[in-house]
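**Student:** Please find one structure pasted underneath; my questions will follow.
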Amino acid sequence: QLSGSAFTCPRSTNKRSWLYRILPSVSHKPFESIDEGHVTHNWDEVDPDPNQLRWKPFEIPKASQKKVDFVNGLHTLCGAGDIRSNNGLAIHIFLCNTSMGDRCFYNSDGDFLIVPQKGKLLIYTEFGKMLLQPNEICVIQRGMRFSIDVFEETRGYILEVYGVHFELPDLGPIGANGLANPRDFLIPVAWYEDRRVPGGYTVINKYQGKLFAAKQDTSPFNVVAWHGNYTPYKYNLENFMVINAVAFDHADPSIFTVLTAKSLRPGVAIADFVIFPPRWGVADKTFRPPYYHRNCMSEFMGLIKGHYEAKEGGFLPGGGSLHSTMTPHGPDADCFDKASKAKLVPERIADGTMAFMFESSLSMAVTKWGLKTSNSLDENYYKCWEPLKSHFTSNSR
C-alpha cells in the first residue's frame, strides 16, 4: 500500500493505492547521501530582496557538452516554509538533455506539479506511463517513484508543495461546472517490466531537502496491477473552461485557478496554480490588461509559449518573474499606452499564448542560484515602468 494521507483521515480526503508488485519496493540496498547539486530548501542563502524580479529564459545545457538528466537538472529558484513540519513550497526549474536510464526518483517531501515548457517528457511511474507535452501539466504525488525520458534539450517549471495535496478549487457561485473539469484529468494504465538490473538500478530519494541514492537489482516499475485514489495524473491546459467579465471591470485572477493546495485557513492557499489562456475580452469602460497590483500573496509567473499581454517584450518563454508580498507590479509602459488608446471592441486575447502563475500565501525567498549563479536575472526589469507618466489634470471632471 502507498498511503498519501494518514490512515484516519476522513473518507473524503483519505488517499491510498494498492500496488500489486513482482517484488516489494523494500528490496534495495541502504540509502546513501549524494550531491544535491542545485536543489536546496535553505531559504537563508542570500538576504531578502523585495524588488520586482524577472529572469530571462533559463539556459539548457548542450548535450554535446554535458549530459544532464531530470534529477541532475533540478534547480531550486525560490520557496518558503519548512519541510520537517510539512508546511511550505518550493519552485524549481528543470534543465535537462538526456534520459534517466536506470535511475528513478521519488520525493518524500511533497508533491511535484510539473509544467514542461520545451520538449516532451515520457514519464514512467509505478502506476504506468504518461507522455507529457508543453501545454500539459502533471502531478507526481509524494512518495511515487518515476523516471523521465527526454528527446531533446528540455526545460520546464516545478511547483512543489509540502504536506498537502493539490485539488480542484471550490466553485462557489460559479456553480457545478467550469474551470478545470474532473473528467479531463487522466491517470496511467498499469504497465510493468519484469527486468533484472543486477546491482545497477539507482533509486534517488529527496528527503528533508537532501538527495540520497540506493541500489537495487530490479526495475521499480514492476507493478502488474493497482487500484486506489492516490495516483499521478495529467491535464491538458486547452481543456480549461475560461470564465471572464462580460460587462465591465475585472474579475479577480482566481477565476483562472486550475489546482489549489489549501492551507488550514479557509480561502487561503499554500499554493495555487493559475493559467492565463486564450479567451475573449469584451469589457466596456475598462482598462482590460491586468491591473496594477500590490498583493498579500507572492506571485511567480512563467510563460510556456507566446507573448504575455502585459509585457510582450522582456517576459519570454522559459523565463519567469517573481513579485513578492506587497511589491507593486503591473503592465509595462507600452502595454499601458496601447490599452489606454484601444477601441473597446470584442477581441481575442492571448491566442497562441499560455502564461501561468504559482501564487502562494507564503513570503518566498530566492536562492543563490536564482539571484546569482543562474546568470539569468534581468537587471533592467524595473526600467519597463520608467516611461509611465501622469495623465492627471485637475479639471478633468
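**Student:** Sort 235-242, 303-310 by packing, meaning the average of other beta carbons within 10 Å per residue, with the highest value first.
**Tutor:** Answer by packing, highest mean first, reads 303-310, 235-242.
**Student:** Now for a separate question. Return the aspartates and glutamates within reach of LYS120: Cα separation strictly under 12 angstrom, same-chain partners fewer than 8 residues apart disregarded; answer none if there are no such residues.
**Tutor:** GLU136, ASP149, GLU152, GLU153
**Student:** Need one number: nm distance between label points at GLN133 and THR373, each 7 Å from Cα along Cα→Cβ, rounded to one decimal.
**Tutor:** Placing both labels 7 Å beyond Cα along the Cβ direction yields 3.5 nm.
**Student:** Counting alpha carbon pairs within less than 8 Å and at least 6 residues apart, what relative contact order, in whole percent, applies to the chain? If you can, show how the numbers build up before the last one.
**Tutor:** On the way: 996 pairs, mean separation 82.9, N = 397.
In percent, rounded to a whole number, it is 21.
**Student:** Using the alpha carbons of the range 2-237, what is the convex hull volume per residue in cubic angstrom, as a whole number?
**Tutor:** On the way: hull volume 37.4 nm³, N = 236.
Spread over its residues, the Cα hull of the range 2-237 gives 158 Å³ apiece.
**Student:** Now a separate question. Taking a 18 Å limit on the Cα-Cα distance, which of the listed pairs LYS67/LYS206; LYS15/LYS262; LYS29/LYS206; LYS129/LYS210 fall beyond it?
**Tutor:** Numbers: LYS67/LYS206 21 Å; LYS15/LYS262 16 Å; LYS29/LYS206 16 Å; LYS129/LYS210 27 Å.
Cα-Cα > 18 Å for LYS67/LYS206; LYS129/LYS210; rest within.
**Student:** Residues in the range 127-163 near a label at GLN208, defined as backbone nitrogen under 18 Å from the 7 Å Cα→Cβ point?
**Tutor:** The answer is 143, 162-163, whose backbone nitrogens lie closer than 18 Å to the label point.
**Student:** Counting only the heavy atoms of the protein chains, how much of HIS38 is accessible to a 1.4 Å probe, in Å² to the nearest 10?
**Tutor:** 80
**Student:** Restricting things to alpha carbons, tell me how big the range 242-374 is in terms of Rg and Dmax, in Å.
**Tutor:** Taking only Cα atoms of the range 242-374, I get Rg and Dmax of 15.4, 47 Å.
**Student:** Okay, helix-only estimate at 222 nm for the chain: each DSSP H run of n ≥ 4 adds -39500 (n - 2.57), divide by all residues, round to 500 deg cm²/dmol; what do you get? Spell out each step's value before the answer.
**Tutor:** On the way: 1 runs with 9 residues, N = 397.
It lands at -500 deg cm²/dmol.
**Student:** Show me 198-204, 274-280, 181-187 ranked by packing, highest mean number of other Cβ atoms within 10 Å first. All intermediate terms of the calculation are to be shown ahead of the outcome.
**Tutor:** Working: 198-204: 16.1, 274-280: 18.1, 181-187: 12.3.
Descending mean neighbour count gives 274-280, 198-204, 181-187.
**Student:** Right, here's the next one. What's the Cα-based Rg to Rh of the range 211-304, Rh via Kirkwood?
**Tutor:** 1.13
**Student:** If you wrap the range 105-252's Cα atoms in a convex hull and average its projection over all directions, what's the area in nm²?
**Tutor:** Details: hull surface 45.6 nm².
Mean orientational projected area (the range 105-252, Cα hull): 11.4 nm².
**Student:** If R0 is 41 Å, what FRET efficiency do you get for ASP47 and ARG196 from their C-beta distance, rounded to 0.05? Don't skip to the end; give the middle numbers.
**Tutor:** Working: r = 51 Å, r/R0 = 1.25.
The formula returns an efficiency of 0.20 here.
**Student:** While we're here: Just the projected area, averaged over all directions, of the convex hull on the alpha carbon atoms of the chain: how many nm²? Don't jump to the answer; show the numbers that get you there.
**Tutor:** Details: hull surface 85.3 nm².
Approximately 21.3 nm², given one-decimal rounding.
The values are calculated or read from the model by the stated rules, or taken from the named source; none is laboratory data. Here the structure is a predicted model, which means the values were calculated and not measured. Positions of Cβ are backbone-derived with ideal geometry, glycine not excepted, and every protein chain shown enters the neighbour counts. Ligands, DNA and RNA are stripped out before the accessible areas are found, and what is left, the full protein with its side chains, is counted by its heavy atoms. Shrake-Rupley method; radii C 1.70, N 1.55, O 1.52, S 1.80 Å.
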